[in-house]
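This report concerns only the one structure given below.
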Amino acid sequence: MEVMAKLLSGSDTTNKRLEFPTKSLWAFSLPAGQNSVEFDALDMLDQPWRLKISVRNKGRYPKPWISGQWSIYVHQKKLRQGDRVTLTVHEQENGVKNYRIIAERKHFGF
């Protein structure tokens, strides 16, 4: 199931974190009293990436973001502004969640 699909902004590719839509927080179980949780996401080559989703402690909106190995992922995949990243989750019968992260390069202005 798709958690989010996002066209990357310049700050997503240079600030070591990916701004994450609040409406996609349903896919993560943040422990009570904590503002972050780490998870592994496999890419298209089944390489695991250790990512971390965090939310603000204060303010009206949680304003989530992904960090962890995000900047390494961006560098290895040579991602730039306008490229698309999709994050999906599949929950197994035993409740374990498997995440996938897919990067798509922007080609010729589309």
Practice problem: Show that you can apply the helix-only estimate: for the chain, add -39,500 (n - 2.57) for every DSSP H stretch of four or more residues, divide by all residues, and state [θ] at 222 nm to the nearest 500. | Solution: -3000 deg cm²/dmol
Exercise. Provide the net charge surrounding Gly10, with neighbours chosen by a C-beta distance below 12 Å and charges set as Lys +1, Arg +1, Asp -1, Glu -1.
Key: -2
Exercise. Sort the chain into rounded, prolate or oblate with this rule: let a ≥ b ≥ c be the square roots of the eigenvalues of the Cα gyration tensor; rounded if a/c is under 1.5, and if a/c is not under 1.5, prolate when a/b is larger than b/c, oblate otherwise.
Key: oblate
Practice problem: With only Lys, Arg, Asp and Glu charged, each at its Cβ (+1 for the first two, -1 for the last two), find how big the charge dipole of region 18-81 is about the Cα centre; round to the nearest 20 debye. | Solution: 400
Practice problem: With θ set to phi - 60°, apply the Karplus curve 6.51 cos²θ - 1.76 cosθ + 1.60 along region 67-72 and write out the HN-Hα couplings as whole Hz, x wherever there is a Gly or Pro. | Solution: 9, x, 7, 3, 5, 5
Quiz item: Can you list the lysines whose alpha carbon is less than 17 Å from that of Lys78, not counting same-chain residues fewer than 8 positions off?
Solution: Lys6, Lys16, Lys106
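From Cα pairs below 8 angstrom and at least 6 apart in sequence, can you work out the relative contact order of the chain, rounded to a whole percent? Walk me through the numbers on the way to the answer.
Details: 200 pairs, mean separation 36.3, N = 110.
RCO, the chain: 33 percent.
Read the figures in this text as sums done on the coordinates, not as results from a lab. These numbers were taken from a predicted model, which means no experiment stands behind them. Positions of Cβ are backbone-derived with ideal geometry, glycine not excepted, and every protein chain shown enters the neighbour counts.
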